[in-house]
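Student: Would you mind keeping the following structure in view while I ask a few things?
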Amino acid sequence: MARVLKIFFHDACFDGTTSAALFTAFYRDVVDRDAQVVPIGMVHRDGNPFEGVPLDADDHACVDFRFCADSRMRWWFDHHPTAFQPPVLREVFEREHRPTWFFDPAAPSCAGLIARELFSGWKWKPPPHLVEATRWADTIDAARFASAEDAVALTLPAQRIAAWLAHGRTPVDTAHYVEWLSHDSLAAIVARPEVAAALAVVEAERAHDLEEIRRIGAWHGDVVVFDRFDDPGARSPGFLGYLLYPSCLYAVSGTQHDQNIKISVGVNPWNKQRRRHDIGALCARFGGGGHAAVGGVTLGPDEIARARATMAAIIHELATT
């Protein structure tokens, strides 16, 4: 019977899925060529996101997601400064410091961290298509685009995949994508009929999204707010918010879906004004997390009152301090 690896990753995220595909390719090259890999997308939420999640495979890995102290989680890679929640978990990491646990909050992407550490420890080099995906993960996760126009473009395969992932993909979709990317190029994946059809929807809805985001944007000082709680299924504007409101310093959005409610917070990468807040640390106070310039809070689908209060508190702090 084939060895089973469960790999947990940040769901619907270009860096998270690239990280999972990268580790999958490594595992089959170095550990077990015939391993059955089961990708499981994870969503940040208040409390322990691994509570109730079975760790019942032969091996387990977690990439681009919070630290899990369970002894069965053999492999762990992350670059989020808020990876240790509660903070006492940092003590577990420092005390045990397993040789297959890696953390670098300065890394622009988790995929880049994984590629570096797997070469350092196992002399493994990813195939060219994963080198390309890793470079894009650095660009997308660290918002290293020259402009907001470049960030929202749908020209190149990586840009199209990033938009597809953000467009309400299901956990099954992202799990399939991880497997595809472990052995296929981004260009080959966007040409797959099921992905091409979904991308046609993304492109068709772009004009409507731009119009709606322009309509609902509300200013609170140098913070622009997109409250989409009353429009179930609507997506966070992402980089589109900065394209339409280029003078903002911060953007905050609230969205509601069947499985969760999400508050997204970010610093405009193209505003020359210096940020006043650590976004990840701010979101962590409300049960979320992230990086210094981008973060979020995920709540249950029945917590709309708490979500509204949380978003109001975040907006107030960003706008007044």
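Student: Using r as the Cβ-Cβ distance of K123 and A153, and R0 as 35 Å, what FRET efficiency do you calculate, to the nearest 0.05? Please report the intermediate quantities before stating the final value.
Tutor: Details: r = 36 Å, r/R0 = 1.04.
FRET efficiency, K123 to A153: 0.45.
Student: For segment 228-305, calculate the relative contact order in percent as a whole number, restricting contacts to Cα pairs under 8 Å that are 6 or more residues apart. Mind dumping the intermediate values first?
Tutor: Working: 151 pairs, mean separation 20.3, N = 78.
With pairs under 8 Å counted, the relative contact order is 26 percent.
Student: Read phi for every residue in segment 125-134 and hand back ³J(HN,Hα) as whole Hz from Karplus 6.51 cos²θ - 1.76 cosθ + 1.60, θ = phi - 60°, with x for Gly and Pro.
Tutor: 10, x, x, x, 5, 7, 4, 4, 4, 5
Student: In whole Hz, what ³J(HN,Hα) sequence does segment 157-166 give by Karplus (6.51, -1.76, 1.60; θ = phi - 60°), x for Gly and Pro?
Tutor: So the Karplus estimates, Gly and Pro as x, are x, 5, 5, 5, 5, 4, 5, 4, 5, 7 Hz.
Student: Would you check the accessible area of Y242, probe 1.4 Å, heavy atoms only, in square angstrom rounded to 10?
Tutor: My reading of the accessible area for Y242 is about 20 Å².
Student: Rounding to the nearest 20 debye, state how big the charge dipole of the chain is about its Cα centre with +1 on each Lys and Arg Cβ and -1 on each Asp and Glu Cβ.
Tutor: On the way: 32 positive and 41 negative charges, 136 e Å.
Dipole magnitude for the chain comes out near 660 debye.
Student: If you don't mind, another one. Which order do I314, I140 take by accessible area at a 1.4 Å probe, largest first?
Tutor: Working: I314 0, I140 30 Å².
These residues rank, largest area first, as I140, I314.
Student: Accessible area per residue for segment 106-145 in Å², computed with a 1.4 Å probe and the full protein assembly in place, what is it?
Tutor: Details: 1900 Å² over 40 residues.
Each residue of segment 106-145 exposes 47 Å² on average to a 1.4 Å probe.
Student: Given a 1.4 Å probe and the protein chains all in place, what does the accessible area of S185 round to, in Å² to the nearest 10?
Tutor: The accessible area comes out at roughly 40 Å².
Student: Compute the length gained on full extension between D222 and V92: take 0.36 nm times their separation in residues and subtract their Cα-Cα distance, giving the result in nm to one decimal. Before the final figure, lay out the partial values.
Tutor: Numbers: separation 130, 0.36 × 130 = 46.80 nm, distance 3.96 nm.
Stretched fully, the D222-V92 segment lengthens by 42.8 nm.
Student: Nothing charged except the Cβ atoms of Lys and Arg (+1) and of Asp and Glu (-1): what's the magnitude of the dipole of segment 247-305 about its Cα centre? Round to the nearest 20 debye.
Tutor: On the way: 6 positive and 4 negative charges, 102 e Å.
Roughly 480 debye, rounded to the nearest 20.
Student: At a 1.4 Å probe, what is the % contribution of carbon and sulfur to the accessible area of the chain?
Tutor: Details: 7630 of 14200 Å².
Ligands and nucleic acids excluded, carbon and sulfur reach 54 percent.
Student: On the full set of protein chains, 1.4 Å probe, figure out the accessible area of D230 and give it in Å² to the nearest 10.
Tutor: It works out to around 130 Å².
Student: With each pseudo-label sitting 7 Å past Cα toward Cβ, what's the V201-S71 distance in nm, one decimal?
Tutor: So the label points at V201 and S71 sit 4.5 nm apart.
Student: Let me ask another. Taking amide H positions as placed in the peptide plane 1.01 Å from N, state which residues far from T82 in sequence (5 or more) or on other chains have amide H under 5 Å from it.
Tutor: G290
The values are calculated or read from the model by the stated rules, or taken from the named source; none is laboratory data. All figures in this text were calculated on a predicted structure; none of them were measured in a lab. Every residue, glycine among them, receives a Cβ derived from its backbone with ideal geometry; neighbour counts consider all protein chains shown. Just the protein is used for accessible areas: all its heavy atoms, side chains included, with ligands, DNA and RNA removed. Shrake-Rupley method; radii C 1.70, N 1.55, O 1.52, S 1.80 Å.
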